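Engineer: The following block contains the structure, expressed as structure tokens.
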Amino acid sequence: DVKVTQSSRYLVKRTGEKVFLECVQDMDHENMFWYRQDPGLGLRLIYFSYDVKMKEKGDIPEGYSVSREKKERFSLILESASTNQTSMYLCASSLWTGGAYGYTFGSGTRLTVV
Amino acid sequence: GDSVTQMEGPVTLSEEAFLTINCTYTATGYPSLFWYVQYPGEGLQLLLKATKADDKGSNKGFEATYRKETTSFHLEKGSVQVSDSAVYFCALRDLSSGSARQLTFGSGTQLTVLP
């Protein structure tokens, strides 16, 4: 089974800090995604990537950036953390080939910005 | 564009009750359909999927049938358990759309099963 590993389950950071959320998948998946999940708002796509060094903005990219230097790793960066970025962050990966493939998700990182 | 509409939650049932969570979709082409489950504090896990019309996906006692004529993929379980308490997401992937690499998710339905 494909495994998607997010580096931290819980993080507490201070306002203004630069925050890195790391995601690694252990299969040869082309596509990787970052979502945030907030009560009543469902899943919102922040950024995604379909190849090394490629990135595409999702629905809510403001205040975030991403890095994909290697195929298996996709990092989400909060350049200057703010309290409204307190949320659950979910990483996912998928194959490109064929519509039958959905996503494999990591366990999530619950980030609190104080 | 593509969209997924799920029944509003939360849904509260007693143990051993019958469960239906409605899901309807709009899509440009012929999408693959998925149900994901999210247990408290966890990420989403694939529960079941169907890739063409009339396919039935099933797993852990849950079932859903891909109905092209009604553009629906309703999730059912004959007898729910307390351990089924979770948030359920319906999703589609449409290779003929401009965002073929992405899943389109519904808003999620919170299910609570009482003993």
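Engineer: Decide, for chain A, between rounded, prolate and oblate: order the square roots of the alpha carbon gyration tensor eigenvalues as a ≥ b ≥ c, take rounded if a/c falls under 1.5, and otherwise choose prolate if a/b is larger than b/c, else oblate.
Structural biologist: On the way: a/c = 1.76, a/b = 1.65, b/c = 1.06.
Verdict is prolate for chain A.
Engineer: On average, how many beta carbons from a partner chain sit within 10 Å of the beta carbon of a residue in A:37-49?
Structural biologist: 3
Engineer: Leaving out ligands, DNA and RNA, what percent of the accessible area of chain A is carbon and sulfur, probe 1.4 Å?
Structural biologist: 50
Engineer: Expressed as a rounded percentage, what relative contact order does chain B have, with Cα pairs under 8 Å and six or more residues apart?
Structural biologist: So the answer I get is 37 percent.
Engineer: Once you average over the residues of A:24-35, how many Cβ atoms of partner chains fall within 10 Å of each Cβ?
Structural biologist: 1
Engineer: For the interface of B with A, what's the total buried accessible surface in square angstrom, probe 1.4 angstrom, rounded to the nearest hundred?
Structural biologist: Values: alone 6210 and 6500 Å², together 10890 Å².
Result for this pair: about 1800 Å² buried.
Engineer: Tell me which lysines have Cα within less than 24 Å of A:Lys53's Cα, excluding those fewer than 8 residues away on the same chain?
Structural biologist: A:Lys3, A:Lys18, A:Lys70, A:Lys71
Engineer: What's the carbon and sulfur percent of chain B's accessible surface, probe 1.4 angstrom, rounded to a whole number? Intermediate values should be presented prior to the final figure.
Structural biologist: Details: 2530 of 5280 Å².
The nonpolar share, carbon plus sulfur, comes to 48 percent.
Engineer: Calculate, for the protein assembly as shown, the solvent-accessible area per residue in square angstrom, rolling a 1.4 angstrom probe over the heavy atoms of the protein chains.
Structural biologist: Normalised by residue count, the accessible surface of the protein assembly as shown is 48 Å².
Engineer: Find out how many positive minus negative residues lie around A:Asp38, taking Lys and Arg as positive, Asp and Glu as negative, among other residues whose Cβ is under 14 Å from that of A:Asp38.
Structural biologist: So the environment of A:Asp38 carries a net charge of +2.
Engineer: Using Cα pairs closer than 8 Å and at least 6 residues apart in sequence, work out the relative contact order for region B:53-109, in percent.
Structural biologist: That works out to 21 percent.
Engineer: Ranking request for peptides B:38-47, B:62-71: highest mean number of other beta-carbon atoms within 10 Å first, then the rest in descending order.
Structural biologist: In decreasing order of mean packing, B:38-47, B:62-71 become B:38-47, B:62-71.
Engineer: Can you give the relative contact order of chain A as a percent, counting alpha carbon pairs under 8 Å and 6+ residues apart?
Structural biologist: Values: 299 pairs, mean separation 41.1, N = 114.
Once divided by the residue count of chain A, the mean separation gives 36 percent.
Engineer: Still on this structure: Using a 1.4 angstrom probe on the protein heavy atoms only, could you order A:Asp28, B:Asp94 from most to least accessible area? Let's see the in-between values first.
Structural biologist: Details: A:Asp28 100, B:Asp94 5 Å².
Solvent-accessible surface, decreasing: A:Asp28, B:Asp94.
Engineer: Quick check: Cα centre of region A:51-114 to Cα centre of region B:68-115, how many Å?
Structural biologist: Using only Cα atoms to place each centre, the spacing works out to 22 Å.
Engineer: Still on this structure: Considering only chain B, what is the antiparallel percent among its DSSP beta bridges, to the nearest 5?
Structural biologist: Antiparallel bridges make up about 90 percent of those DSSP assigns within chain B.
Engineer: Using a cut-off of 22 Å between alpha-carbon atoms, which lysines can reach B:Lys52, once sequence neighbours fewer than 8 places away in the same chain are excluded?
Structural biologist: B:Lys60, B:Lys68, B:Lys77
Engineer: Mind checking the mean number of beta-carbon atoms from other chains within 10 Å of the Cβ atoms in B:28-41?
Structural biologist: Averaged over the peptide's residues, the number is 2.
Engineer: Right, here's the next one. Taking a temperature of 25 °C and a viscosity of 0.890 mPa s, what whole-number D in µm²/s does Stokes-Einstein yield for region B:1-101 with Rh from Kirkwood over alpha carbon pairs?
Structural biologist: 175
Engineer: Please list, in order, the residues from region B:87-115 whose amide nitrogen is less than 19 Å from a point placed 7 Å along the Cα→Cβ vector of B:Thr12.
Structural biologist: From region B:87-115, the list is B:87-88, B:109-115.
The values are calculated or read from the model by the stated rules, or taken from the named source; none is laboratory data. It should be emphasised that the depicted structure is a prediction, and the values quoted were computed from it without experimental measurement. Virtual Cβ from ideal backbone geometry, glycine too; neighbours counted across all protein chains shown. Each accessible area value is taken on the protein alone, full model and side chains, heavy atoms only, with ligands, DNA and RNA left out. Shrake-Rupley method; radii C 1.70, N 1.55, O 1.52, S 1.80 Å.
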